[in-house]
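A.B. asks: Take a look at this one; I'll ask things after.
The values are calculated or read from the model by the stated rules, or taken from the named source; none is laboratory data. Nothing here was measured: the structure is a model prediction, and the numbers come from that model. Backbone-built Cβ (ideal geometry, glycine too); neighbour counts: all protein chains shown. With ligands, DNA and RNA removed, areas are computed over all heavy atoms of the protein, side chains included. Shrake-Rupley method; radii C 1.70, N 1.55, O 1.52, S 1.80 Å.
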Amino acid sequence: MQKVYLDNAATTQVREEVIAKMQEALAVYYGNPSSTHSYGRSAKTAVEKARKTIAKTLNAQPSEIIFTSGGTEADNMILRCAVRDLGVKTIITSKIEHHAVLHTAEELEKEYDISLLFVDLDANGNPVFSHLKELLIKDDSKKLVSLMHVNNEIGNITDINAIGEICKENDAFFHSDTVQSVGHYPWDVEKIPIDFFTAAAHKFHGPKGIGFAFIRKNSGLKPMIFGGSQERGFRAGTEPFHNIVGLEEAFVKAYDNLEEETNFVKGLKRYFLEKIQKEIPEVNFNGFSGDLEKSTYTLVNVRLPFDKQKGLMLLFHLDMKGIACSKGSACQSGSNMGSHVLTEILDDTELEKPSLRFSFSKYNTKGELDYTIGILKEFAES
């Protein structure tokens, strides 16, 4: 049985170079970065080097990069602190955001009695900008807009430059969950009108348990985690030095090889789209995931022409054949609930058909895609 991993939007294989850097860090640089002796200073120097490397690539300032345990913590931190510290009384988001944003916003609505508003979406799941503008002038309350750059389930790419300009014109803060795009797309924070965004290393071949928040200088946010003075006092707790080193290496490799690896993975997606439509002509694509220009090159969300009963066995069947993919986001695993993203953009008839997310990386091959589509075709004909 062939083993095929096509769930890279959930997490990615760690690069060998990243593993080597982390092993070295664990074995050699084991001092506490907050200690003043040579062991601690060596670790602290490496942490700050990583911060500067990331900042330079993003055209940010090192002080604007705050290391976190990943995207979920970073999203929580930004939304919670914005309400607590910046006088935000209204959060505007969409119903297809990652739950790290949605659930946090819902809790903040209860805790702080803020207004939670949802921007309308078009049939493909894109925010309607005219409605966003209406929500921003609805009242005089201080507002935070939180809309993701690349949707983790359907891959739609949102025009964050346009959203940022709309927010700027209306004196609103702009946060974006960019976990699916940092490491996959170029960034220049001097050109993008954005206040806050987030990243997770394991989405671009780094380790799990580490990410960062970009927090624009002089934002006014205060710490969410208290204790020590780590991360310039913004996030207390001993830095996970080995993970930070791994994050840096993965980040550097992602951007050093960005054009080459983007073209390769985009070629895989193009091949997958052509092949699956040829072998299973009745297939459909959710959102813009079947469009190479309007969706990320890293994933496709397919709606297959099977009835509901047969669809219940599909994911299990693929797993038994050695193929790893996803019914929705990995955060939904083990849940009997359907995808909140697809529920929002598909009608009842479309929801009756099974949908799967296949996501690609530099470690995949066309042969793996042939095998996967062959298994899907066999299942369709059985």
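A.B. asks: Just the residues that are open to solvent by 10 Å² or more (accessible area, probe 1.4 Å), touching a strand residue (DSSP E or B) at 6+ places or on another chain (Cβ under 9 Å) and closer than 29 Å to Thr372 by Cβ, please, taken from the range 239-258. Reasoning before the result, please.
C.D. replies: Kept after step one, since they are open to solvent by 10 Å² or more (accessible area, probe 1.4 Å), are these residues of the range 239-258: 239-243, 245, 248-249, 252-253, 255-258.
Subset that is touching a strand residue (DSSP E or B) at 6+ places or on another chain (Cβ under 9 Å): 239-240, 243, 258.
Of everything in the range 239-258, just one residue is open to solvent by 10 Å² or more (accessible area, probe 1.4 Å), touching a strand residue (DSSP E or B) at 6+ places or on another chain (Cβ under 9 Å) and closer than 29 Å to Thr372 by Cβ, namely Leu258.
A.B. asks: Could you give me the residue pairs with C-beta distances under 7 Å whose first residue belongs to the range 56-81 and is touching a residue at least 60 places away in the same chain (Cβ under 8 Å) and at positive phi, whose second residue is of a type outside the set (Lys, Arg) and in a strand (DSSP E or B) wherever it lies, and which are 6+ apart or on separate chains?
C.D. replies: Gly70/Ala200; Gly70/Gly211
A.B. asks: Working carefully through the options Ala50, Ala105, Ala43, find the one that is within 19 Å of Glu231 (Cα to Cα), under 25 Å from the mean Cα position of the chain (by Cα) and either part of a helix (DSSP H, G or I) or at pLDDT below 95 (or both).
C.D. replies: So the residue among Ala50, Ala105, Ala43 that is within 19 Å of Glu231 (Cα to Cα), under 25 Å from the mean Cα position of the chain (by Cα) and either part of a helix (DSSP H, G or I) or at pLDDT below 95 (or both) is Ala50.
A.B. asks: When the residues of the range 351-360 are filtered to those that are assigned to a loop (DSSP other than H, G, I, E, B) and open to solvent by 10 Å² or more (accessible area, probe 1.4 Å), which remaining residue is farthest from Gly206 (Cα to Cα)?
C.D. replies: Step one: of the range 351-360, the residues assigned to a loop (DSSP other than H, G, I, E, B) are 352-354, 360.
Filter once more, keeping what is open to solvent by 10 Å² or more (accessible area, probe 1.4 Å): 352-354.
Values: Glu352: 36, Lys353: 34, Pro354: 31 Å.
This residue is Glu352.
A.B. asks: Looking at (1) open to solvent by 10 Å² or more (accessible area, probe 1.4 Å); (2) assigned to a loop (DSSP other than H, G, I, E, B), can you tell me which one Glu153 breaks?
C.D. replies: The number of the failed condition is (1).
A.B. asks: Need the failing condition index for Glu261 against (1) open to solvent by 60 Å² or more (accessible area, probe 1.4 Å); (2) in contact with a Lys or Arg (Cβ under 7 Å, 6 or more places away or on another chain), just the number.
C.D. replies: Looking at each condition in turn, Glu261 falls short on (1).
A.B. asks: In addition: Could you grab me the full set of residues in the range 271-285 that are of a type outside the set (Ser, Thr, Tyr), open to solvent by 50 Å² or more (accessible area, probe 1.4 Å) and within 15 Å of Leu6 (Cβ to Cβ)?
C.D. replies: Hit for the range 271-285 is Lys275, nothing else.
A.B. asks: Let me confirm something: among Asp113, Asp120, Asp85, which residue is touching a helix residue (DSSP H, G or I) at 6+ places or on another chain (Cβ under 8 Å), among the acidic types (Asp, Glu) and at pLDDT 95 or above?
C.D. replies: Being touching a helix residue (DSSP H, G or I) at 6+ places or on another chain (Cβ under 8 Å), among the acidic types (Asp, Glu) and at pLDDT 95 or above holds for just one of Asp113, Asp120, Asp85, which is Asp120.
A.B. asks: Moving on. Out of all the residues in the range 194-201, is one or more open to solvent by 30 Å² or more (accessible area, probe 1.4 Å), within 24 Å of the chain's Cα centre (by Cα) and not polar (S, T, N, Q)?
C.D. replies: Yes, the range 194-201 contains at least one residue that is open to solvent by 30 Å² or more (accessible area, probe 1.4 Å), within 24 Å of the chain's Cα centre (by Cα) and not polar (S, T, N, Q).
A.B. asks: Something else: Taking into account only those residues within the range 78-102 that are within 18 Å of His149 (Cα to Cα) and of a type outside the set (Val, Ile, Thr), which is most open to solvent (accessible area, probe 1.4 Å)? Give the derivation first.
C.D. replies: Narrowing the range 78-102 to residues within 18 Å of His149 (Cα to Cα): 78-79, 91-102.
Checking which are of a type outside the set (Val, Ile, Thr) leaves us with 79, 94-95, 97-100, 102.
Working: Leu79: 0, Ser94: 3, Lys95: 93, Glu97: 6, His98: 39, His99: 49, Ala100: 8, Leu102: 13 Å².
Within the range 78-102, the match that is most open to solvent (accessible area, probe 1.4 Å) is Lys95.
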